[in-house]
Amino acid sequence: MATHMVLRIVRNGCRNLPRSGRRSFCSKPLNCNGTGDIANVPLSQPIPGLPPPRFTSAEASKNETQVTVLDNGLTVATENVFGQFCTVGVLINSGSRYEVAYPSGISHFLEKIAFGSTTQYTDKDKILQELEKHGGICDCQSSRDTLIYAMSAETRGLQAVVNILSEVINRPIITAEELEDAKMAVGFHIQGMELDPNPEPILMELIHQAAYRGNTLGLPHRCPPENIDKIEKNILYTYMKNYHTPERMVLAGVGMDHEQMVELAKEHFVKNYKPIWLEQENLVDKKMSVDNSLAQYTGGKVLVEKDLSNVSLGPTPMPELAHIVIGLESCSHKDDDFISFCVLNMMMGGGGSFSAGGPGKGMYTRLYLNVLNRFHWIHNATCYNHAYDDSGLFCIHASSHPDQLSDLVEVIVRELLNTTSFVDKIELQRAKTQLQSMLLMNLESRPVIFEDVGRQVLSSGHRKQPEYFYDLIGKVTPQDIQRVAERMLTSKLSLSALGSLSNLPDYENIQNTLLGKNGKRSRFSFLGL
């Protein structure tokens, strides 16, 4: 029918169309009085009957992060950006590193039961229905040192969003059914990690266990299978009583007025602050307290012998691989050398053996040029730099066939040792430019700004603007790279491996190869080079 109408318009114009058809293609009154013609409204005047438009400007886009600390210790941090949607959440100084006195896996459980039933909402569906009224979504993510509850919704629904956050964080009921569902979800998650052809999450767990053996950052991030049935409601409430306190929280938001957020925080996190665990003291172990231990880098090895020959079956199966991660201590994100370590990480780069390339893909990084492009049998070589409040871990994950594991270690150790040698200015400038562009492009996203605001304020009490880090990146020199590389290579080796490991060199031999300067470092002694 629509096709016939278009053909009639093309052949005859509007004159032969019925009146109802003509009005669809002609101007008509739009203002509230029913008079006026849109065709006669000058472009310099707003269209009658429509709300006035809102425009942004270059000056208005330069928003600063505002921070307020409330009487009960809760910190409120906001940055007002242009738009009709906002991202709001609570970041808590909580995570697996604080579970030393508890069964490991509490943070994993809290992540799974988040946004469940509360004293105000009978189940998760009620919360989601309330969020849907404001076009909202929610999520909870845990890490080794932070637990984040976050939501994005229309700005006009800010009060409802803050109310939900307060309920979810301070008054979760945790019914028996929800706890069983969480146990099932955690179990499925662990099984999924074991079956996933990509072993990176498991390897990152193992390298942290090797680097911080038995303390803080080395505690399991994901719940060990044997702990699933040990975690009960009373353990969760005891943990939350000690760590989910206002002075350990930051209520962060992007896309709203700061004073409005402060008033909502006072209403829902101060005036109506009634944690459910204080009402059910019979479930709380009062002997437990907050653990303020600092991370102790120990170095060491965690090796997992596993048959990976059938990890990916089918018409085009993946080849059998053995995976290693070689790690050394770097620094915390508060350290003066943090930016230099970040640039070194970008300079090393790396990735998988297959890549489509393209601008910014890192095809000119050292692990591509010196490793993946030269040795076809190496399937992956990727550099990581994990930075925390009190320590850091610089590591390289690499994989090859188990028969070539010794050669793989040789190549990766050589690249680590070469970080102290000559640094080409073009190579360094490329790494700095790539890091600067990644910083600025990521911060174009509202959720990323939210997390950056929250994490910085949670760690230091204030937020440094991207321009500050941009300038610091630009000031890194070749001497800075060599200095932090020397610092890194003086630390004890951390080693993790997964697969068939019969050809893996001894830990002590790798460690001796990476020994310090002044003639003590015997390059590749265990490899016969």
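The values are calculated or read from the model by the stated rules, or taken from the named source; none is laboratory data. Because the structure is a prediction, the values reported are computed rather than measured. Cβ coordinates were reconstructed from backbone atoms using ideal geometry, including for glycine residues, and neighbour counts include every protein chain displayed. Only protein heavy atoms, including side chains, enter the accessible area calculation; ligands, DNA and RNA are left aside. Shrake-Rupley method; radii C 1.70, N 1.55, O 1.52, S 1.80 Å.
Calculate how many DSSP beta bridges within segment 300-515 are antiparallel, expressed in % of all such bridges and rounded to the nearest 5.
That works out to approximately 80 percent antiparallel.
With an 8 Å cut-off on Cα pairs and a minimum separation of 6 or more residues, tell me the relative contact order of segment 300-515 in percent.
Once normalised by length, the contact order is 34 percent.
Provide the net charge surrounding Asn370, with neighbours chosen by a C-beta distance below 10 Å and charges set as Lys +1, Arg +1, Asp -1, Glu -1.
+2
Can you tell which of Leu70, Tyr470, Phe338 lies farthest toward the positive end of the dipole of the chain, using +1 and -1 charges on the Cβ of basic and acidic side chains (Lys, Arg; Asp, Glu)?
Tyr470
What's the extension gain from Gln429 to Asp257 if we count 0.36 nm per residue and subtract their Cα-Cα distance?
Length difference between fully extended and current span is 58.0 nm.
How much solvent-accessible surface does Glu64 expose, in Å² to the nearest 10, with a 1.4 Å probe and all protein chains in place?
Per-residue accessible area (Glu64): approximately 120 Å².
Contact order normalised by length for the chain, with contacts defined as Cα pairs under 8 Å and 6 or more residues apart; what percent is it?
17
Which one, Asn80, Phe269, Ser293, is farthest towards the positive end of the dipole of the chain when Lys and Arg carry +1 and Asp and Glu -1 on their Cβ?
Asn80
Treating the beta-carbon of each Lys and Arg as +1 and of each Asp and Glu as -1, no other charges, what is the dipole magnitude of the chain about its Cα centre, to the nearest 20 debye?
With only Lys, Arg, Asp and Glu charged at Cβ, the dipole is about 1820 debye.
Restricting to DSSP H runs of at least four residues, report the calculated mean residue ellipticity at 222 nm for the chain, -39500 (n - 2.57) per run over all residues, nearest 500 deg cm²/dmol.
The per-residue figure over the chain is -10500 deg cm²/dmol.
State in Å² the accessible area per residue of the chain; use a 1.4 Å probe, count heavy atoms of protein chains only, and round to the nearest integer.
Here the residues of the chain average 49 Å² of exposed surface.
What number of lysine-lysine pairs in segment 410-495 show an alpha-carbon separation below 22 angstrom, given a sequence spacing of 8 or more or placement on distinct chains?
For segment 410-495, the number of qualifying lysine pairs is 4.
Can you send over the carbon and sulfur percentage of the accessible area for the chain, probe radius 1.4 Å, protein chains only?
About 53 percent, which is the carbon plus sulfur part of the accessible surface.
Give me Rg over Rh for segment 119-224, both radii from the alpha carbons and Rh done the Kirkwood way, two decimal places.
1.06
Full-extension gain between Ser293 and Asp125, please, as 0.36 nm times their residue separation minus the C-alpha to C-alpha distance.
Difference between extended and current length: 56.6 nm.
Can you give me the relative contact order of segment 81-181 as a percent, contacts being Cα pairs under 8 Å and 6 or more apart?
Dividing the mean separation by the residue count of segment 81-181 yields 39 percent.
Mind ranking 435-441, 149-155 by how tightly packed they are, going by the mean number of other C-beta atoms within 10 angstrom, highest first?
Result, highest mean first: 149-155, 435-441.
Over 21 Å between C-alpha atoms is what I'm after, so list which of Lys241/Lys286; Lys230/Lys287; Lys183/Lys306; Lys124/Lys183 land there.
Check vs 21 Å cut-off fails for Lys183/Lys306.
Using per-residue counts of other Cβ atoms within 10 Å, averaged over each peptide, order 90-102, 445-457 from highest down.
90-102, 445-457
Mind sorting out which of [x] -0.41, -0.87, -1.49; [y] -0.47, -0.90, -1.37; [z] -0.52, -0.93, -1.32 is the real log10 I(q)/I(0) by the Debye sum over Cα atoms at q = 0.07, 0.10, 0.13 Å⁻¹ computed from the coordinates?
Answer label, from the structure shown: [z].
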